[in-house]
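Mind looking over this structure? Questions follow.
The values are calculated or read from the model by the stated rules, or taken from the named source; none is laboratory data. Source: prediction; values computed, not measured. For neighbour counting, all protein chains shown are included, and Cβ atoms are generated from backbone atoms with ideal geometry for every residue, glycine included.
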């Protein structure tokens, strides 16, 4: 399987915040709440999306922009070139900033959302084509 | 770009500084710490949060923490700093040793200064600060980082 290389991660907003320098990250879709039924079968009633993005050496302007989306719902889209790879929709993010005397500035952006398993998945996540 | 910083500390004034490049040892009540290049470190992270509908997290408060270690106790101003700043509200600046610019600048944060003197290791001074605030932008400013 070919390794996916992300060129850009974009956080929606006015304007959108494009993260392009040394970016890496992930969007994980997983079960959140499950009830065990008879015979050990699980009934999954809730799902969750976790977003984790790491940016280095792109601190001041991007960090200030990212602070502007705290406590608001945003879409996070991963790009290869101009092509969209996948996205998390309507998530809340928090950018954690770490500055160190021996390393480049690092912003770790984490967040996510939860939803019922009966909901339409494409309302919450865009999967790779 | 990789940056190395020196740490400057003073008793909090509540007024900020207009020109962050004017931070010098002995100027504006600042004292400079001589540091090894592994530190200092500053972290801005969420503190008090509440999970809302759909598992979305609302951030009510943030925490700004910093830590700087000096192994240069004799030549530095560790003793003076301990007397003047331990358990007091301070302003902390990091100044780039390459560019000469000062950033970030943390205002009114409480300092804890720890001094360790050991027989077979270098003596060590650690300055730790922490402040919880509704908006980290109220207590920290960036002149230039990257």
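Taking the stated definitions as given, is residue A:53 within 13 Å of chain B (Cβ to nearest Cβ) and within 15 Å of the chain's Cα centre (by Cα)?
No, not satisfied.
All but one of (1) in contact with a strand residue (DSSP E or B) (Cβ under 6 Å, 6 or more places away or on another chain); (2) within 22 Å of residue A:34 (Cα to Cα); (3) free of Cβ contacts under 8 Å to residues at least 40 places away in the same chain hold for residue A:90, so report the exception by its number.
(2)
Condition first: within 11 Å of chain A (Cβ to nearest Cβ) and modelled with pLDDT under 90. Now tell me which residues in the stretch B:27-50 satisfy that.
Result: B:35, B:36, B:37, B:38, B:39, B:40, B:41, B:42.
Pull out all pairs, ordered by first then second residue, where Cβ-Cβ is under 9 Å, the residues are six or more apart or on different chains, the first lies in the stretch A:116-129 and is within 17 Å of residue A:91 (Cβ to Cβ), and the second is exposed (fewer than 12 other Cβ atoms within 10 Å of the Cβ).
From residues that are within 17 Å of residue A:91 (Cβ to Cβ), the pairs are A:121/A:127.
If you scan the stretch B:57-81, which residues turn out to be more than 24 Å from residue B:13 (Cβ to Cβ) and modelled with pLDDT of 90 or more?
Selection gives B:57, B:58, B:59, B:60.
Something else now. Restricting the search to the stretch A:94-113, which residues are at the interface with chain B (Cβ under 9 Å from one of its Cβ atoms), touching a residue at least 40 places away in the same chain (Cβ under 8 Å), under 23 Å from residue B:65 (Cα atoms) and crowded, with 20+ Cβ neighbours inside 10 Å?
If the condition is that a residue be at the interface with chain B (Cβ under 9 Å from one of its Cβ atoms), touching a residue at least 40 places away in the same chain (Cβ under 8 Å), under 23 Å from residue B:65 (Cα atoms) and crowded, with 20+ Cβ neighbours inside 10 Å, then A:99, A:105, A:111 are the ones that fit.
Out of the residues in the stretch A:1-51 that are closer than 26 Å to residue A:70 by Cα and without any contact (Cβ under 8 Å) to a residue 12 or more places away in the chain, state the one that is surrounded by the most Cβ atoms within 10 Å (Cβ to Cβ).
Step by step, filter the stretch A:1-51, then rank; the result is A:18.
Can you name every residue in the stretch A:30-86 that is part of a loop (DSSP other than H, G, I, E, B), touching a strand residue (DSSP E or B) at 6+ places or on another chain (Cβ under 8 Å) and over 20 Å from residue A:106 (Cα atoms)?
A:37, A:71, A:72
With (1) at the interface with another protein chain (Cβ under 7 Å from one of its Cβ atoms); (2) more than 13 Å from the chain's Cα centre (by Cα) as the list, and residue A:64 as the residue in question, which single condition is left unmet?
Failing condition for residue A:64: (1).
Here's another thing I want to ask about it. Of everything in the stretch B:42-70 that's buried (at least 21 other Cβ atoms within 10 Å of the Cβ) and touching a helix residue (DSSP H, G or I) at 6+ places or on another chain (Cβ under 9 Å), which residue is nearest to residue B:111 (Cα to Cα)?
The qualifying residue nearest to residue B:111 (Cα to Cα) is B:64.
If you don't mind, another one. Taking only the stretch B:96-106 into account, find how many residues are out of contact with any helix residue (DSSP H, G or I) (no Cβ under 8 Å at 6 or more places or on another chain) and either modelled with pLDDT of 80 or more or crowded, with 23+ Cβ neighbours inside 10 Å (or both).
2
For the stretch A:114-124, how many residues meet the condition of being within 13 Å of chain B (Cβ to nearest Cβ) and either outside any loop (DSSP other than H, G, I, E, B) or crowded, with 19+ Cβ neighbours inside 10 Å (or both)?
5
Right, next: Hey, any hits in the stretch A:75-92 for a residue that's out of contact with any helix residue (DSSP H, G or I) (no Cβ under 6 Å at 6 or more places or on another chain), buried (at least 20 other Cβ atoms within 10 Å of the Cβ) and at the interface with chain B (Cβ under 9 Å from one of its Cβ atoms)?
Looking through the stretch A:75-92, at least one residue is out of contact with any helix residue (DSSP H, G or I) (no Cβ under 6 Å at 6 or more places or on another chain), buried (at least 20 other Cβ atoms within 10 Å of the Cβ) and at the interface with chain B (Cβ under 9 Å from one of its Cβ atoms).
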